[in-house]
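The values are calculated or read from the model by the stated rules, or taken from the named source; none is laboratory data. Every value quoted in this text rests on a predicted model; they were computed, and no experiment measured them. FYI the Cβ positions are ideal-geometry reconstructions off the backbone, even for glycines, and counts take in every protein chain you see.
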Amino acid sequence: MGKNYTAKDITVLEGLDPVRKRPAMYIGGTGKDGLHHLISEIVDNSVDEAMNGHGSSISVTLSADRRTLSVTDDGRGIPVDLHPKAKIPAVTVILTTLHAGGKFSNKSYARAGGLHGVGASVVNALSEHLEVEIYRDGFTYTQSFVRGKPTGKLKKSNKNKNKTDKTGTKITFTPDPEIFGKRARFDSARVYEDLDNRSFVHKGVRFFFTDEGTGETKKFLQNRGIAALLERQLKLQGVPLSVPEPFELDYEYEEGEAGGKLEVVLIWTEATDERIRSYVNGVVTPAHGTHVTGFRAAVAKAIRSYMESHKKSFAKGLKVTNEDMREGMMAVVSFFLAEPQFQGQTKAKLNNPDAAAGVEGALRPALEQWFNAKPSIADMVVARVELAARARQAKRTAAKAVRQKGRRSRRDMPDKLAQCSSRTPEKCELFIVEGDSAGGSAKQGRNSVTQAVLPLRGKVLNAEQAPLKRVLENRELSDVIRALGCGIGQECDVEKLNYGKVILLMDADPDGDHITILLLTFFYRHMRNLILAGKLYLARPPLYRIQLGKETYWAANDAERDALLQKHRKNRKPTISRFKGLGEMEARTLADTTMKPGKRDLRQVTMDDHWEADRTIRELMGRDAEHRFALIDQSTGGLSIDDVDI
Ligand code: 28G
């Protein structure tokens, strides 16, 4: 195989009907993620080809209407020789059959990840149109498809015409609106991010992105790979370093081992949590998985083993956990393996059990060696770990004090809290409302059995980087903590939460947005478990009431208002009123539009990518107000606001 590959190596042939019948089985879903997954499948193939040493630039072009995407590489070009049994060209087989991959024995393929061309047929099946162009042996070959079916034979250019030395593959496709919906469009920013990301994991490969909407082309090339990514992230977050230089590993596994290749960069900073960006086969794994488990184990064991061999120990009586070892650690882990398995369908979490031992086995000895070669750095790490353990102990004492007060004893609840009568936490909701007048409307409009209301009066502290002690001193935040009853920081226990949902209800204006962001920052820094458990929501009160004859409509922002007016253009002249604040709204209106399950528009706050979320919060809490509204209106960077139907 390898260079002498011919069409006969492709063995398993199966049509594409299953893909169209159950697209989610192949691409995780047919929403935005699924749509963008198509791009990955195609780009992966170009990357595989480049990682095998064929070609070094990959160009992606997004059409102005954002429905069509094309990818071009300068590899060898997909083979076009005839399949001995099927008597059709290899490229046609690759694009029209499922699992059409050669057998897996070549080491370089294992290293690069995916099987050449395997995902291409899935993309073809789910595309309204797809065209492939192959430059090979001085000819240009083309073939077109509609929903996975060829519209004609593979065409070979005239020998004299188009004669060219260049080799490579170009695939242009338009996802099928029947599958992804009429309004499905690629997101330029997302393509940009993806290529930017990939340029770090595939160092030396040149990626180009052209957005025909703006006419701009951007080049991504990182010769230093993930080391450059770590550097960029450090600069962006501006945290001081705890050690002078990062550890770097570039490891190639032997044939038959658990992986193909492992790259790690790692440094300790003065930040108070751990930030890992992980990849599998060049694609970000926001929920990490077994490769990161192995990575974490390797770090903890390497530190302990260094200490043991140098007869060092932590202060007497100090309990040091593995988390302490990783406090302030910032790392990038890029792992390549032959057949990655993921947990769930969209959650990018690696599940291969062997990966943990594979990563640990490669990383641990290398890290130990580094510590031994640079004992002054190793000692700084040990000191950093010890500091983390001490801080955690102090925090725990402070947090315990708060928790003992909390816990659903009615007496210790904040005075301003209007409690609900139900004692079943899962059924109860807490509305955190801005200001007394809004609080009044919410109290009146609520269902007092299941809905509690906590109005905030004073200023909410900006919890970004504020020590726990100051957070506890802030009246508004300490009221929130007491009402929730689940503790704070490392002691935060979602099981003890007094409510099934915690809902932030703020005015639909910049001040309201600002308080929302302050509260999100607080929850992110001090009650992250609440976000991870999916307990935190944003309510979306209307900003406009639009009266059209007997009908009343509500709009949460200008865009929604305009869309509604557009839709009812032909009807009578509308009467539009704008609410200045929630307090101005009648209790019944507030209840009907914003509080009643079934009628309201709740958004769940989710966090899929710690690394990104951290940056988002940092940006939000900076000077630039624009970012804030971007987060509230849509979702950006790791921490996001998802539509939910509740
Ligand atoms: C532009 C968009 C996406 C690709 C190649 C090159 C070869 C290839 C692709 O072979 C069959 C199965 C596994 C090896 C391989 C060409 C060997 C010799 C190729 C792409 C054979 C497919 N000559 N370039 N597939 N493999 N680019 N870009 O899809 O064993 S796919």
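All of GLY440, GLY485, GLY458 fail the test of being on the phi > 0 side of the Ramachandran plot and among the small types (Gly, Ala, Ser), apart from GLY485. Would you call ARG446 buried (at least 20 other Cβ atoms within 10 Å of the Cβ), among the basic types (Lys, Arg) and either in contact with a strand residue (DSSP E or B) (Cβ under 7 Å, 6 or more places away or on another chain) or in contact (Cβ under 8 Å) with a residue 12 or more places away in the chain (or both)? In short, yes. The single condition from (1) under 13 Å from ARG198 (Cβ atoms); (2) at pLDDT below 90; (3) among the aliphatic types (A, V, I, L, M) that ALA24 fails is (1). Restricting attention to segment 262-296, the residues being surrounded by fewer than 18 Cβ atoms within 10 Å (Cβ to Cβ) and not in a loop (DSSP other than H, G, I, E, B) number 1. The residue that is farthest from GLU476 (Cα to Cα), among those in segment 544-578 that are within 30 Å of the chain's Cα centre (by Cα) and among the hydrophobic types (A, V, I, L, M, F, W, C), is ALA563. Of all residues in segment 72-121, those satisfying the criterion of being within 7 Å of the ligand (Cβ to nearest atom) and either modelled with pLDDT of 65 or more or in a strand (DSSP E or B) (or both) are THR72, ASP73, GLY75, ARG76, GLY77, ILE78, PRO79, ALA90, ILE94, ALA120.
Might you let me know whether segment 161-169 holds any residue that is more than 16 Å from the ligand (Cβ to nearest atom), farther than 30 Å from MET380 by Cβ and surrounded by 16 or more Cβ atoms within 10 Å (Cβ to Cβ)? The answer is no; no qualifying residue exists. If the condition is being touching a Phe, Trp or Tyr at 6+ places or on another chain (Cβ under 9 Å), buried (at least 16 other Cβ atoms within 10 Å of the Cβ) and closer than 19 Å to PHE186 by Cβ, then segment 203-221 contributes PHE207, PHE208, PHE209, ASP211, PHE220.
Between a first residue in segment 54-79 that is closer than 12 Å to THR172 by Cα and a second residue that is among the acidic types (Asp, Glu) and more than 8 Å from the ligand (Cβ to nearest atom), which pairs have beta carbons less than 7 Å apart while being 6 or more apart in sequence or on different chains? Close Cβ pairs (under 7 Å, with a partner that is among the acidic types (Asp, Glu) and more than 8 Å from the ligand (Cβ to nearest atom)) amount to THR61/GLU212; LEU62/ASP211; LEU62/GLU212; SER63/GLU212. Being more than 30 Å from TYR26 (Cα to Cα) and surrounded by fewer than 20 Cβ atoms within 10 Å (Cβ to Cβ) is a description that does not apply to ALA302. Highlighted here are the strands (runs of 3 or more DSSP E) found entirely within segment 151-248 that include at least 1 residues which are over 30 Å from HIS83 (Cα atoms) and among the hydroxyl-bearing types (Ser, Thr, Tyr): 206-211, 216-220. Which numbered condition trips up PHE200, out of (1) within 13 Å of the ligand (Cβ to nearest atom); (2) surrounded by 21 or more Cβ atoms within 10 Å (Cβ to Cβ); (3) more than 19 Å from TYR26 (Cα to Cα); (4) modelled with pLDDT of 95 or more? Every listed condition holds for PHE200 apart from (1). Residues of segment 331-364 that are without any contact (Cβ under 8 Å) to a residue 12 or more places away in the chain and either in contact with a strand residue (DSSP E or B) (Cβ under 8 Å, 6 or more places away or on another chain) or part of a helix (DSSP H, G or I) (or both): GLN341 alone. Within segment 17-56, the set of residues being within 11 Å of the ligand (Cβ to nearest atom), outside any helix (DSSP H, G or I) and polar (S, T, N, Q) comprises ASN52 only. Is there a residue in segment 131-145 that is of a type in the set (Asp, Glu), at pLDDT 95 or above and farther than 25 Å from ALA50 by Cα? Looking through segment 131-145, none of the residues is of a type in the set (Asp, Glu), at pLDDT 95 or above and farther than 25 Å from ALA50 by Cα. For segment 562-579, a residue qualifies if it is in contact (Cβ under 8 Å) with a residue 12 or more places away in the chain, assigned to a loop (DSSP other than H, G, I, E, B) and farther than 15 Å from VAL433 by Cβ, and the qualifying residues are HIS568, ASN571, ARG572, PRO574.
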